[in-house]
Protein chains: 2
Amino acid sequence: MSEHLFLKACRNEKTERTPVWVMRQAGRYLPEYRAVRARHDFLTMCKTPELAAEITVQPIDIIGFDAAIIFSDILVVPEAMGLSLKIVESNGPAFDNPVKSGGDIDRLNTNVAGKLEYVYEAVRLTKKLLNGRVPLIGFAGAPFTLAAYMVEGKGSKNFEKIKTLIFKEPALAHKLLEKITASVIEYLKGKIDAECDAIQIFDSWAGVLPPDCYEEFSLNYINRIVSEIKRDKLPVIVFPRGIRNFEIMKSSPCDVVGVDWESDLAKIKDTLGGIKVLQGNMDPVILLSDEKKIRSEAGKVLDKMGRDGGHVFNLGHGILPETPIDNIKALVKFIKEESNKYH
Amino acid sequence: MSEHLFLKACRNEKTERTPVWVMRQAGRYLPEYRAVRARHDFLTMCKTPELAAEITVQPIDIIGFDAAIIFSDILVVPEAMGLSLKIVESNGPAFDNPVKSGGDIDRLNTNVAGKLEYVYEAVRLTKKLLNGRVPLIGFAGAPFTLAAYMVEGKGSKNFEKIKTLIFKEPALAHKLLEKITASVIEYLKGKIDAECDAIQIFDSWAGVLPPDCYEEFSLNYINRIVSEIKRDKLPVIVFPRGIRNFEIMKSSPCDVVGVDWESDLAKIKDTLGGIKVLQGNMDPVILLSDEKKIRSEAGKVLDKMGRDGGHVFNLGHGILPETPIDNIKALVKFIKEESNKYH
């Protein structure tokens, strides 16, 4: 498996073409996903290994991506730490008992592995279903992103609570981030033991921190996790969504940096090319247009990366639920058929 | 008036200290604003010149900013073009009849000045109340930002509708943007005739466009407006919120570029310093902390701009409604007392 196209590309080894997968590929745009979802709520799907494995494999069978990503949610870790999680897909996730004080932080549990056995079991089942066809990506939220949810209690427009914690009580913020980091390390080690082939760390709210704060309150913790979980030939991808300064990713021990669609991939390649493999970054809304536009925009992404390799094709954010199946199929076909010209 | 501190700074002339105002300074954080708001709805306040003038002047009297900005809303222009506007402050604005087709675009009216006389009257009244104390900024939304509202019908998470129009039917998108541009030019000329001392163009949704599209679908229209309204000694500020590539602002005919808090002001100064005056960019959430933190963070902003001038102090986004009055007063006091060291 370690010689699979996707894993080789993540390690910046020569490949015959560019691999392609998309964030949220096991999701609502697929009728087969919606059929399962109609019978089970979101968290039940996460917590039932047979369902999670089925959903994870759907887009491999139906669309033909070059990697699978285990169906789960980044918030299962805070739940295992002791917060009460509710996920309503239309409203986003919420915690009934957000972190409001130092005492709440003290009460958080960091021995999470025992409570996340259902994820490891889903990974093992998925690996059986995939049967070596494509690698399986395991993932976790970055500590800052998880802290943001845990303190806000839900998504937020301005993230006043977590940022005020950071601005007014940085020591307490660090205490919370330390506990989350320990939990994420334990969690990801369990996923790797269950034989995930690569790991992605989603820093979905990276852009919420002013640039001066990002390293201290987010990237340092991500880097510690990457160093702790790093093993030979296991690529680690970091997706710092919304950051402006990619320069700071140079010193991260990660292999691959995810690039959001708001960034100019050509400029990020100028900064990180040859140092980090880049993953991304087509705007998901392009997939709501037509095949001609999709091919032309995907071609622009390939052009920006050029012939130097070091690229995993992906969207710059999750695939939208209203994406027509034929459009995502057309994208994958295009990358599979045309990207060899760049290699 | 043209020799006022704020206007001189906007024109990159030498000043004795850095001027300071903040976006949404005539807003909900002020008890005096909430008292007026308790008796009138938001649009009534916009459309009643006496109320708009009163609210505009409140933060000058109470906080002591170096510039006033006329109380209004960017969506009064689409309303004058024929859309039916509703503003519920907690939900954001919405149009009952969003633009859905070429026919809808054809029906839009561009002779807006006659319908916006209430804004010009508010400007004239405000100028009387200000009585030369500080300059008055007039403003408009950038055509792309207005088009986004007009097509989506309201704020949006992913802006699928306006972006799909741009991706699938670029000619139709340009037709809409042309009509909005003509309306904004007429509107701003009326504001300048009513004696606004400076103009700010808010491209609040600039970050919603992939970087490859920004110039064609937004900046070119902004630049055309700036060229059309430009007059001797009247500064024009452009605030392209969320853009990553400030390089392209070099060729804009604007005087001042607003910088959001997500950007690193030091890096933007490297790109635009000496070419454009910069306005910004402290994170508004800093104002929810305490005086010590506010002084230290405002000091960092001044440090980043250094001793070369060319800076208007502002937040990197609107002041938050929950900002304590003492905190914004502390910020303004700090800039007034400390920024002379940089000049």
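The values are calculated or read from the model by the stated rules, or taken from the named source; none is laboratory data. None of the values given here were measured: they were computed from a predicted structure. Note that we place each Cβ from the backbone using ideal geometry, even for glycine, and neighbour counts take in every protein chain shown.
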**Complete:** Restricted to the stretch B:276-289 and to residues being without any contact (Cβ under 8 Å) to a residue 40 or more places away in the chain and away from chain A (no Cβ under 11 Å), the residue nearest to the chain's Cα centre (by Cα) is B:280
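Find the helices (runs of 4 or more DSSP H) located wholly in the stretch B:160-237 whose residues include 2 or more that are more than 14 Å from chain A (Cβ to nearest Cβ), and list them.
Because the criterion is at least 2 residues that are more than 14 Å from chain A (Cβ to nearest Cβ), the helices (runs of 4 or more DSSP H) in the stretch B:160-237 that meet it are B:170-193, B:220-229.
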**Asked** Which condition does residue B:24 not pass, out of (1) of a type outside the set (S, T, N, Q); (2) within 18 Å of the chain's Cα centre (by Cα); (3) at negative phi, if it passes all the others?
**Response** (3)
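Table: residues versus (1) among the hydroxyl-bearing types (Ser, Thr, Tyr); (2) surrounded by 19 or more Cβ atoms within 10 Å (Cβ to Cβ); (3) touching a residue at least 24 places away in the same chain (Cβ under 8 Å); (4) within 22 Å of residue B:301 (Cα to Cα).
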residue: A:175; (1), (2), (3), (4): no, no, yes, no
residue: A:180; (1), (2), (3), (4): no, yes, yes, no
residue: A:188; (1), (2), (3), (4): no, yes, yes, no
residue: A:206; (1), (2), (3), (4): no, yes, yes, yes
**Message:** Looking only at the stretch B:150-159, filter to residues that are outside any loop (DSSP other than H, G, I, E, B) and of a type in the set (D, E, K, R); which one of those is surrounded by the most Cβ atoms within 10 Å (Cβ to Cβ)?
**Reply:** B:152
**Prompt:** Are there any pairs, at least 6 apart or on different chains, whose C-beta atoms fall under 9 Å, with the first in the stretch B:299-327 and charged (D, E, K, R) and the second in a loop (DSSP other than H, G, I, E, B), and if so, which?
**Reply:** B:304/B:264; B:307/B:343; B:308/B:273; B:308/B:274; B:322/B:28; B:322/B:29
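Based on this model, can you work out whether residue A:271 counts as within 14 Å of chain B (Cβ to nearest Cβ) and within 21 Å of residue A:27 (Cβ to Cβ)? Can you show your working first?
On the way: within 14 Å of chain B (Cβ to nearest Cβ): yes; within 21 Å of residue A:27 (Cβ to Cβ): no.
No: the conditions fail for residue A:271.
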**Complete:** Only unsatisfied item for residue B:292, checking (1) within 14 Å of chain A (Cβ to nearest Cβ); (2) within 24 Å of residue B:238 (Cα to Cα), is (2)
**Prompt:** Before we move on, is residue A:102 more than 21 Å from residue A:182 (Cα to Cα) and in contact (Cβ under 8 Å) with a residue 40 or more places away in the chain?
**Reply:** no
**Asked** Restricting the stretch A:295-304 to residues that are more than 9 Å from chain B (Cβ to nearest Cβ) and within 12 Å of residue B:212 (Cα to Cα), which is surrounded by the fewest Cβ atoms within 10 Å (Cβ to Cβ)?
**Response** A:304
**Flag for residue B:58 being touching a helix residue (DSSP H, G or I) at 6+ places or on another chain (Cβ under 6 Å), over 30 Å from residue B:163 (Cα atoms), of a type in the set (S, T, N, Q) and in contact (Cβ under 8 Å) with a residue 60 or more places away in the chain** = no
**Asked** residue B:150 passes all but one of (1) in contact with a Ser or Thr (Cβ under 8 Å, 6 or more places away or on another chain); (2) more than 14 Å from every other protein chain (Cβ to nearest Cβ); which number fails?
**Response** (1)
**Item:** Condition met for residue A:167 (over 30 Å from residue A:4 (Cβ atoms), touching a Leu at 6+ places or on another chain (Cβ under 6 Å) and free of Cβ contacts under 8 Å to residues at least 60 places away in the same chain)
**Value:** no
**Item:** Unmet criterion (only one of (1) modelled with pLDDT of 95 or more; (2) of a type in the set (Gly, Ala, Ser); (3) under 14 Å from residue B:194 (Cα atoms)) for residue B:132
**Value:** (3)
**Prompt:** For residue B:167, which of the numbered conditions (1) in contact with a Ser or Thr (Cβ under 9 Å, 6 or more places away or on another chain); (2) within 18 Å of residue B:211 (Cα to Cα); (3) surrounded by fewer than 21 Cβ atoms within 10 Å (Cβ to Cβ) fails to hold?
**Reply:** (3)
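For the stretch B:5-17, name all the residues that are more than 16 Å from the chain's Cα centre (by Cα) and within 16 Å of residue B:237 (Cα to Cα).
Answer for the stretch B:5-17, where residues must be more than 16 Å from the chain's Cα centre (by Cα) and within 16 Å of residue B:237 (Cα to Cα): B:5, B:8, B:9, B:11, B:12, B:13.
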**Prompt:** When residues of the stretch A:1-28 are filtered for being out of contact with any helix residue (DSSP H, G or I) (no Cβ under 9 Å at 6 or more places or on another chain) and either over 21 Å from residue A:317 (Cα atoms) or free of Cβ contacts under 8 Å to residues at least 40 places away in the same chain (or both), how many remain?
**Reply:** 6
**Request:** Filter the stretch A:260-294 down to residues that are over 21 Å from residue B:263 (Cβ atoms) and of a type in the set (Lys, Arg) and give me whichever is surrounded by the most Cβ atoms within 10 Å (Cβ to Cβ).
**Result:** A:276
**Request:** Tell me which of these residue A:80 doesn't satisfy, since it passes every other one: (1) within 23 Å of residue A:333 (Cα to Cα); (2) buried (at least 20 other Cβ atoms within 10 Å of the Cβ).
**Result:** (1)
**Asked** Given (1) surrounded by 19 or more Cβ atoms within 10 Å (Cβ to Cβ); (2) touching a residue at least 60 places away in the same chain (Cβ under 8 Å), where does residue B:226 come up short, assuming only one miss?
**Response** (2)
**Unique residue being within 14 Å of the chain's Cα centre (by Cα) and aliphatic (A, V, I, L, M) when the list is B:184, B:208** = B:184
**Prompt:** Can you spot a residue in the stretch B:305-322 that is out of contact with any Gly (no Cβ under 9 Å at 6 or more places or on another chain), within 16 Å of residue B:65 (Cβ to Cβ), crowded, with 20+ Cβ neighbours inside 10 Å and within 14 Å of chain A (Cβ to nearest Cβ)?
**Reply:** no
**Request:** Considering each residue of the stretch B:216-227, count those that are charged (D, E, K, R) and touching a Ser or Thr at 6+ places or on another chain (Cβ under 9 Å), and give that number.
**Result:** 1
**Residue in the stretch B:239-249 that is at positive phi and within 12 Å of another protein chain (Cβ to nearest Cβ) present** = yes
